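Let me begin by presenting the structure, written as structure tokens, before commenting on it.
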Amino acid sequence: MQPKPSHGPELAKLVEKRSQKMDDQEWGKAATVLKLSIIIACLWMVVGAAGWEDGYLSTISSEKKGLNVSAFYVLGDSSVDCGDNTLFYPFLHHNLSLLPCDGADQSLVPHFLAQKMGFPFTPPFYGQNGSVDGLLRGLNFGSAQATIMSTTGHEFQSLNQQLRQVLETFQLLQLHLTPQLARSYIESSVIYLSFGKDDYVDLFLHNSSGIMHKFTGPEFARILVDQMAAALKTLHASGARKIICVGILPLGCTPRTVWEWNNSWGKIGGSENNGTVCINEINELVSLYNILLEERIVSLNSDLPGSEMVFCDVYEGIMEIVNNPKQHGTEDLNSGSLLSGYSFILDRVTGSNIGCLSMEMACKDKSTHLWWDLYNPTQAANRLLGESAWSGLSLANICRPTTIHHLVSP
């Protein structure tokens with residue numbers, strides 16, 4: 001079901017209350033002002049918008065080296081957000097580092113893709129100043145801790161919450177642009193979604209909401225895919241056509257998961273893993289979700305007119321690095337460096353499950369490591385994923401049915 005803005009009823013009550021206080025003379029003045037405002041707005045839509053389209057939008061297009069993309073809108077979890085959209089993040093980062101993005105502002109896959117598209121920076125939603133110009137190049141709606149499923153807790157933002165923010169942004173664009181221009185602008189914009197990690201980490205594996213006792217692994221995967229598919233349909237109904245949907249990385253290879261498995265009784269199946277790099281049982285859960293999600297995207301592309309949805313398989317990309325580390329400039333994950341993750345080194349020293357608290361705690365040469373914190377890759381790994389998603393090279397064919405470059409090409 002498409003989320004609706006929440007301010008409508010309150011606004012209606014306020015207008016009704018104020019209108020009751022107006023006498024006939026005041027109401028006449030207000031009506032005159034309203035008519036003048038409508039006339040001015042109509043004149044701008046007829047005359048001004050065309051000039052604005054030829055001027056401002058053509059300037060943006062020229063910066064994109066001929067690519068057919070108007071804006072880049074990003075939704076997701078810590079795979080897209082460095083904590084900028086998470087209120088009180090320093091106090092709520094229990095699964096991540098205090099420095100979640102490799103200590104850099106441009107270290108995640110969507111950061112690298114934005115640069116390729118000609119957008120040097122995609123500002124956080126909660127950092128915007130409210131101007132229309134601030135919406136035109138795109139926004140990052142992601143939150144460092146976000147789930148597909150809606151939860152009762154306040155530490156996680158849900159897919160539906162971010163989706164509602166996107167739809168309200170589209171409505172603002174439709175109010176300020178001509179209908180034809182707004183439709184064209186939204187259709188040529190790229191929407192990027194990357195969810196699911198926190199659903200498996202907190203809701204299923206750690207069973208924070210009792211979900212593990214309610215659903216089997218396949219049942220949980222189907223529920224998540226159904227909700228993702230509903231969101232994709234809602235975006236399509238709102239005018240979006242170019243959509244990138246990212247799968248979940250191999251959680252069974254992340255430092256936190258391996259540490260927990262090797263230092264406690266197995267979460268699933270009750271078996272020991274004997275210190276190997278990845279936990280196959282957990283990877284199989286995530287892999288099923290990815291398979292079902294890609295199948296659903298193929299179906300949606302067939303069913304929805306004009307749909308250009310792309311599935312990006314970061315699971316496959318990360319596993320290629322895990323299986324062939326030296327080929328991709330990463331240290332052997334079975335060596336004495338263990339999982340090479342900065343936060344995992346901190347865990348070994350303190351015995352706690354927290355990420356880096358300062359850059360001094362990080363390894364000196366981060367470019368040779370796969371993991372930055374408990375669940376997220378390093379800047380070097382994300383750059384490789386981003387380059388591969390864009391061009392189809394290096395980690396071949398991780399985005400299907402086409403590359404991101406082809407998606408945004410005229």
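The values are calculated or read from the model by the stated rules, or taken from the named source; none is laboratory data. Just so it is clear, the structure is predicted and the values come from calculations on it, not from any experiment. When we count neighbours, we look across all protein chains shown, and the Cβ atoms used for this are built from the backbone with ideal geometry, even at glycine. When the accessible area is computed, the model is the full protein with side chains, heavy atoms only, and any ligands, DNA or RNA have been set aside. Shrake-Rupley method; radii C 1.70, N 1.55, O 1.52, S 1.80 Å.
About the centre of its Cα atoms, region 155-242 shows a dipole size close to 340 debye [charges on the beta carbon of Lys, Arg (+1) and Asp, Glu (-1) only; nearest 20 debye]. Along the axis of the charge dipole computed for region 172-312 (Cβ charges of +1 for Lys and Arg, -1 for Asp and Glu, origin at the Cα centre), the listed residues SER194, VAL258, HIS236 are led at the positive end by HIS236. Residues LYS366, LYS326, LYS214, ordered by accessible area of protein heavy atoms at a 1.4 angstrom probe radius and largest first, appear as LYS326, LYS214, LYS366.
Rolling a 1.4 Å probe over the protein heavy atoms gives region 118-235 an accessible area of 38 Å² per residue. For region 163-234, the fraction of 1.4 Å probe accessible surface lying on carbon and sulfur atoms is 52 percent.
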